[in-house]
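Step one of this worksheet: look at the structure below.
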């Protein structure tokens, strides 16, 4: 069977056969046509309450460092004013029960840290800035 799936604004064509599946990027979400029939899976358990959100703060000067996926900040390993090298671990992000390292995209100085430990973040949310 073939399905059209939209994930993070991108359209994928997914073909599923017994025991295997393949996915092919087919375009941006604004090109998506409504699906013909979709079966909904039964809900098995209620969602856990969300972790506390970080206080709203304005980003500092410089380039934004963004969360690559939704999740919870487990550890903040940097602070405003810290000098970092490319590849230094800045945050630990838990997503889908896996710990992911968010690293500095380049050498520079962290001008602001916008999230705190325990904060829930979304895909592309600015979590720090670097200059």
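Any read-out appearing in this document is the output of simple, stated calculations on the displayed coordinates, not a laboratory observation. Remember, it's a predicted structure, so these values are computed and weren't measured experimentally. Positions of Cβ are generated from backbone atoms using ideal geometry, with glycine treated the same way; all protein chains shown enter the neighbour counts.
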Take residue 75 and residue 120, extend 7 Å from each Cα along the Cα→Cβ direction, and tell me the distance between the two endpoints in nm.
2.4
Restricting the calculation to Cα positions, tell me the Rg (one decimal) and the Dmax (whole number) of region 63-130 in Å.
10.7, 31
Provide the FRET efficiency to the nearest 0.05 for the residue 12-residue 107 pair, computing r from the beta carbons and using R0 = 35 Å.
0.50
Report the FRET efficiency, 1/(1 + (r/R0)^6), for residue 63 and residue 95, where r is their Cβ-Cβ distance and R0 is 22 Å, rounded to 0.05.
0.45
